[in-house]
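Asks: Below: one structure in structure tokens.
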Amino acid sequence: MSRWILTLAASIAVSLALNACGSAEQKRTDNTNYEKRRHAMVARQLMSRDIEEQAVIDAMAAVPRHRFVPEDVRDMAYSDHPLPIGHDQTISQPYIVALMTELAQVDSSEKVLEVGTGSGYQAAVLAELCDSVFTMEIVEPLGRRADSALNALGYGDRVHVRIGDGYKGWPEQAPFDAIVVTAAPEKAPPPLIEQLADSGRLVIPVGDFYQDLIVIERRGDSTIRYPVIPVRFVPMTGDGVEGQ
């Protein structure tokens with residue numbers, strides 16, 4: 001009887017070891033496949049268009065987008081369109097993330113505010129370029145999930161997540177050298193413009209049904225605004241948003 005038990009135990013141990021090896025190999029294969037898809041995405045969706053800043057290209061190549069989307073859409077993580085992340089929110093198309101990052105003109109010495117953490121992906125891309133990213137999410141479950149994903153990938157020391165109304169910004173940490181907004185108000189929120197540093201840049205989609213991605217640059221007490229491209233983002237919510 002004891003010999004049978006020992007044999008069974010040995011068989012179970014071998015089986016578990018084989019399964020563990022198989023799981024590890026599958027994980028390595030999956031990671032390799034995702035990495036190939038990510039580099040293909042950078043080449044086909046970004047470099048073949050108008051994304052030219054090498055630092056932005058490198059950041060997009062470094063951040064594993066598939067780690068920021070739900071498992072049921074993970075196979076589409078590097079496709080050329082937005083994806084649902086729950087709570088009626090989306091993760092933006094990779095090109096739009098790269099474009100907004102490029103327009104923000106972030107460097108390592110600057111402090112950045114992101115309004116609309118969502119999945120956490122845009123914050124991770126920004127964190128590849130600077131050491132200080134403050135990001136706000138009004139939908140608490142999304143903010144908590146993004147914070148967990150960012151910490152798991154090692155961005156916790158550079159990205160600070162707050163659950164709250166991004167329309168009001170983060171005045172305690174202002175001024176910001178760049179502000180990136182990933183939801184669309186009808187007009188640029190005055191608190192965000194006020195929280196820009198001199199020469200700071202606000203990258204934001206504005207409009208109701210028809211939206212434009214615009215850049216607002218602060219010059220002392222005045223601002224310079226210019227449109228970039230038509231876009232479609234989820235509406236901004238919060239106490240200060242018109243119509244709320």
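Asks: List every residue pair whose Cβ atoms lie under 6 Å apart, where the two residues are 6 or more positions apart in sequence or sit on different chains, the first residue falls within segment 94-109 and is in contact (Cβ under 8 Å) with a residue 12 or more places away in the chain, and the second residue, located anywhere, is of a type outside the set (A, V, I, L, M) and in a loop (DSSP other than H, G, I, E, B).
Replies: 102/53; 106/130; 108/130
Asks: So residue 112 clears everything in (1) within 11 Å of the chain's Cα centre (by Cα); (2) buried (at least 22 other Cβ atoms within 10 Å of the Cβ) except one condition, right? Which one?
Replies: (1)
For every residue, the table says whether it meets (1) more than 13 Å from the chain's Cα centre (by Cα); (2) not in a strand (DSSP E or B).
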{"position": "107", "(1), (2)": "yes, yes"}
{"position": "134", "(1), (2)": "no, no"}
{"position": "156", "(1), (2)": "yes, yes"}
{"position": "172", "(1), (2)": "yes, yes"}
{"position": "177", "(1), (2)": "yes, no"}
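Asks: Here is a follow-up. Tally the residues that are within 10 Å of the chain's Cα centre (by Cα) and part of a strand (DSSP E or B), restricting the search to segment 136-154.
Replies: 0
Asks: Same structure, new question: For residue 75, all conditions in the list (1) part of a helix (DSSP H, G or I); (2) crowded, with 20+ Cβ neighbours inside 10 Å hold save one; what is the number of the exception?
Replies: (2)
Asks: Still on this structure: I need the full set of residues from segment 195-242 which are more than 24 Å from residue 138 (Cβ to Cβ) and not in a strand (DSSP E or B), in order please.
Replies: 220, 221
Asks: For residue 192, state whether it is farther than 24 Å from residue 67 by Cα, hydrophobic (A, V, I, L, M, F, W, C), modelled with pLDDT of 95 or more and assigned to a helix (DSSP H, G or I).
Replies: yes
Asks: Would you check if there is a residue in segment 163-184 being closer than 29 Å to residue 64 by Cβ, free of Cβ contacts under 8 Å to residues at least 12 places away in the same chain and out of contact with any Cys (no Cβ under 6 Å at 6 or more places or on another chain)?
Replies: Taking every residue of segment 163-184 in turn, none turns out to be closer than 29 Å to residue 64 by Cβ, free of Cβ contacts under 8 Å to residues at least 12 places away in the same chain and out of contact with any Cys (no Cβ under 6 Å at 6 or more places or on another chain).
Asks: Within segment 42-64, restricting attention to residues that are part of a loop (DSSP other than H, G, I, E, B) and within 15 Å of the chain's Cα centre (by Cα), which residue is surrounded by the most Cβ atoms within 10 Å (Cβ to Cβ)?
Replies: Let us first name the residues in segment 42-64 that are part of a loop (DSSP other than H, G, I, E, B), namely 48-53, 63-64.
Next, only the ones that are within 15 Å of the chain's Cα centre (by Cα) stay: 63-64.
Details: 63: 24, 64: 16.
Ranking the candidates gives 63 first.
One line per residue, one yes/no per condition, for (1) modelled with pLDDT of 95 or more; (2) outside any helix (DSSP H, G or I); (3) out of contact with any strand residue (DSSP E or B) (no Cβ under 6 Å at 6 or more places or on another chain); (4) of a type in the set (Gly, Ala, Ser):
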{"position": "6", "(1), (2), (3), (4)": "no, no, yes, no"}
{"position": "9", "(1), (2), (3), (4)": "no, no, yes, yes"}
{"position": "18", "(1), (2), (3), (4)": "no, no, yes, no"}
{"position": "28", "(1), (2), (3), (4)": "no, no, yes, no"}
{"position": "40", "(1), (2), (3), (4)": "yes, no, yes, yes"}
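Asks: Something else: For the condition surrounded by 16 or more Cβ atoms within 10 Å (Cβ to Cβ), under 20 Å from the mean Cα position of the chain (by Cα), modelled with pLDDT under 95 and not aliphatic (A, V, I, L, M), what is the one hit in 235, 205, 185?
Replies: None of the other options fit; the residue is 235.
The values are calculated or read from the model by the stated rules, or taken from the named source; none is laboratory data. All values derive from a computational prediction rather than experimental measurement. Glycine gets a Cβ as well: all are built from the backbone with ideal geometry, and neighbour counts include every protein chain shown.
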